[in-house]
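I have placed the structure first, in the form of structure tokens, so that the comments after it can refer back to it.
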Amino acid sequence: MTLAAFSLAVLALLLAPGPTNTLMAVAGASHGLARVLRLVPAELAGYLLTVVPLALAGAGLMARAPGAALLLKLAAALWVMVLAVRLWRSAAAGAEGFAIGAGRIFVTTALNPKALIFGLVLLPAPSPAEIAARLLVFCALVVAVALLWGGFGALSHARAGGARAGGARAGGLRRIASGWLALVSVSLLLGALRG
């Protein structure tokens, strides 16, 4: 795979709505772009924690322990459902009822099913130099897409006049995001159980 083809594949997968993107958009909508900027390093660290070991040794590990992938998928499904429930409850409690901090972004991203695809399929390459080049492009794209999703949410925050004026709108966004995360969780669970 050429670096250009790799970049397009990574970009397409990163742009797809998922748990991390949903949380980044909600963080932007609730607290503006400043919060999103502080969360980007946590997202990047979460991805790197998962994708680097998988890119370097994942295929062998999965062959020796096929149950590991199933456990990761089940853990991801459970975590995303927990996020969905907490986000739904926070819609009534207001923005402070469910703080989207670095820890939550980190865990969500480390368990993100996209990380498995990046680490097992897209990042592995025949030489260390190619892996390093792909990893640099991957990091740049993660940051860009995180800012895009967070910026999308921040536009909603700015249009609503900040946190106080946008309380009802933010609550509605949190309910929509919660419903989406629940759907993602069920989809992950069904995918894991099907094999």
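The values are calculated or read from the model by the stated rules, or taken from the named source; none is laboratory data. None of these values were measured; they are calculated from a predicted model. Don't worry about glycine lacking a Cβ; one is built from the backbone with ideal geometry, like all the others, and counts go over all protein chains shown. Remember, those area values only see protein heavy atoms, side chains included, never the ligands or the DNA or RNA. Shrake-Rupley method; radii C 1.70, N 1.55, O 1.52, S 1.80 Å.
What does the accessible area of SER127 come to, in Å² to the nearest 10, when a probe of 1.4 Å is used?
30 Å²
How charged is the neighbourhood of ILE105? Take every other residue with its Cβ under 10 Å from the Cβ of ILE105, and add Lys/Arg as +1 and Asp/Glu as -1.
Here the charged neighbours net out to +1.
May I ask for the angle, rounded to the nearest 10°, between helix 167-194 and the longest principal axis of the chain, with both axes built from Cα atoms and the value confined to 0 to 90°?
Compared with the principal axis, the helix lies near 30 degrees.
With all protein chains present, calculate the accessible area of TRP79 using a 1.4 Å probe and round the result to the nearest 10 Å².
Answer for TRP79: close to 60 Å² accessible.
Hey, can you find the accessible area per residue of the range 1-139 for me, probe 1.4 Å, expressed in square angstrom?
Using a 1.4 Å probe on heavy atoms only, each residue of the range 1-139 averages 44 Å².
Take the alpha carbon atoms of the range 1-27, find their center, do the same for the range 175-195, and report the distance between the two centers in whole angstrom.
Answer, in whole Å: 18.
If each DSSP helix of 4+ residues adds -39,500 (n - 2.57) and the sum is divided by the residues in the chain, what number results at 222 nm, nearest 500 deg cm²/dmol?
Dividing the helical sum by the residues of the chain leaves -28000 deg cm²/dmol.
Using θ = phi - 60° and the Karplus relation 6.51 cos²θ - 1.76 cosθ + 1.60, list the HN-Hα couplings for the range 132-139 in order, rounded to whole Hz, with x at every Gly or Pro.
Coupling constants for the range 132-139: 4, 5, 5, 5, 5, 5, 4, 4 Hz.
Quick one: what Rg and Dmax do you get for the chain from the alpha carbons, in Å?
Rg then Dmax for the chain, in Å: 17.1, 54.
Using a/c under 1.5 as the rounded threshold, could you call the range 1-48 rounded, prolate or oblate? The axes a ≥ b ≥ c are square roots of the C-alpha gyration tensor eigenvalues, and prolate needs a/b larger than b/c, oblate otherwise.
Prolate, because a/c is 1.5 or more and a/b exceeds b/c.
Tell me the angle of helix 19-31 to the major Cα principal axis of the chain, expressed in degrees between 0 and 90 and rounded to the nearest ten.
For 19-31 against the chain, the angle is about 30 degrees.
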